[in-house]
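In what follows, a structure is listed as structure tokens, so that the remarks can point back to it.
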Amino acid sequence: MTVLTRWDPVREFSTLQDRMSRLVRDSFGDGQEALATSSFAPAVDVYEDEHSVTLKIEVPGVDEKDIDVRIENNTLTVHGERKYEEQEKEENYRRIERRYGSFTRSFTLPSTMDTNSVSANYDKGVLKIQLAKKAESKPKQIKVNVGGEKPIEPKSTSKAA
């Protein structure tokens, strides 16, 4: 199913700024401490069918108690934190690529979503959020009469004397 998304230049600029900041931080950061405190943005897949919209957010290594999902003013916000494991004090690290720190992802919900009917499941590092669509937003099939046919009217059950 094809989904149209409204282009928001401010959001695009914010995404570009985030990517540039990440590039500079990765290139000139001060090693392990910089990666341990930096934030990250988990990858999200969004699926839509005629009954619901589903988001799958990759957050491996994040405890479910460290994930907060909220809906306010038609905005779905997912906040969480992947904590750096201090007990691993090995000095033989050559490279640390996993991101640690807090993250926040926000999604503006269309008015066709039923914000009272939301479910969230966390399994194997993937947070799955399912939002139901309102009944009036679901597609309805309408019978089309062909040619000059008139719609069939119900027959009267009363008899004339």
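When region 121-135 is filtered for residues that are under 14 Å from TYR47 (Cα atoms) and outside any strand (DSSP E or B), nothing remains.
In region 107-120, how many residues are surrounded by fewer than 11 Cβ atoms within 10 Å (Cβ to Cβ) and either among the β-branched types (Val, Ile, Thr) or not in a loop (DSSP other than H, G, I, E, B) (or both)?
1
On the stretch given as region 59-76, residues that are surrounded by 14 or more Cβ atoms within 10 Å (Cβ to Cβ) and assigned to a strand (DSSP E or B) total 4.
Taken across region 13-36, residues that are at pLDDT below 90, farther than 25 Å from GLU136 by Cα and touching a strand residue (DSSP E or B) at 6+ places or on another chain (Cβ under 8 Å) do occur, with at least one present. Among the residues of region 37-46, the ones that are surrounded by 13 or more Cβ atoms within 10 Å (Cβ to Cβ) and at pLDDT 80 or above come to 4 in all.
The values are calculated or read from the model by the stated rules, or taken from the named source; none is laboratory data. These numbers were taken from a predicted model, which means no experiment stands behind them. Glycine also receives a Cβ, built like all others from the backbone with ideal geometry; neighbour counts cover every protein chain displayed.
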